[in-house]
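Have a look at the structure below, then the notes.
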Amino acid sequence: GKLGESIAAHERALVADPDLVQAHVNLISLYGRAGHFEKAKQAYLKATEINPDIPELHYNFGVLLAGQERLHEAAAEFQNCLRLNPYYAEAHYNYGVIIEGEGKLDEAAAHFRKAVENKSGYTTAHFHLGRILVNRDKLAEAIEQFQQSLMPESADTPRNLYALGATYIRAGDKAKGIQTLREALKRAAAMNQTQL
């Protein structure tokens, strides 16, 4: 949690060895989290100059671009990451979110599936896949994905329970749906998620 200290340590490492590519790759993310976007871009350019074939390099820069709402450029970076490492779950997930927003639901679902295949317990990918399956009226599959989105428990659990409960009801299991929605309400209240 010591972002400034981590940045300083990476910068010291680069004074000792300016071609330490992993330090540049890490600084993309660290600078981005600190709001130093120009420095993050410079770290990306330097890392690319040293070795452009590092998946994490493209992933980190894609996250930075997505955070700036530069989604087309971010999508290209996630695709570069996946070209180098087709098993990179987070890149599948983030790319899936972007193309889901563009209405490419089947392609997005395929990327969310890859994300959950390559990373056990990837709750947000299960949740997004479940939403698409509900949209496609594949309710049994959606229920399975929402169930898998519940563990490990997180701040998203009440939302995921809500989606599961609503899907049970849509699938005709009103009793289980109401029970699940009550649990979602209880968890949301415990976490002070008043909007939910």
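Quick notes on this one:
- Inside the range 132-155, residues that are more than 23 Å from Ala189 (Cα to Cα) and either in contact with a Cys (Cβ under 8 Å, 6 or more places away or on another chain) or not aliphatic (A, V, I, L, M) (or both) make up a count of 7.
- Residue within the range 144-154 that is at pLDDT 95 or above, farther than 21 Å from Arg113 by Cα and either open to solvent by 60 Å² or more (accessible area, probe 1.4 Å) or basic (Lys, Arg) (or both) present: no
- Qualifying residue in the range 131-153 (condition: of a type in the set (Lys, Arg) and within 24 Å of Ala74 (Cβ to Cβ)): yes
- Listed by first and then second residue, the pairs with beta-carbon distance under 6 Å, at least 6 apart or on different chains, first residue in the range 1-30 and at pLDDT below 95, second of a type in the set (Gly, Ala, Ser), are Leu3/Ala34.
- Note on the range 17-85: enclosed helices (runs of 4 or more DSSP H) holding 1 or more residues that are crowded, with 16+ Cβ neighbours inside 10 Å and of a type in the set (Lys, Arg) are 37-50.
The values are calculated or read from the model by the stated rules, or taken from the named source; none is laboratory data. These figures come from a predicted structure and were not determined experimentally. Backbone-built Cβ (ideal geometry, glycine too); neighbour counts: all protein chains shown. For the accessible areas, the whole protein counts, side chains as well, though only heavy atoms, and no ligand, DNA or RNA atoms are used. Shrake-Rupley method; radii C 1.70, N 1.55, O 1.52, S 1.80 Å.
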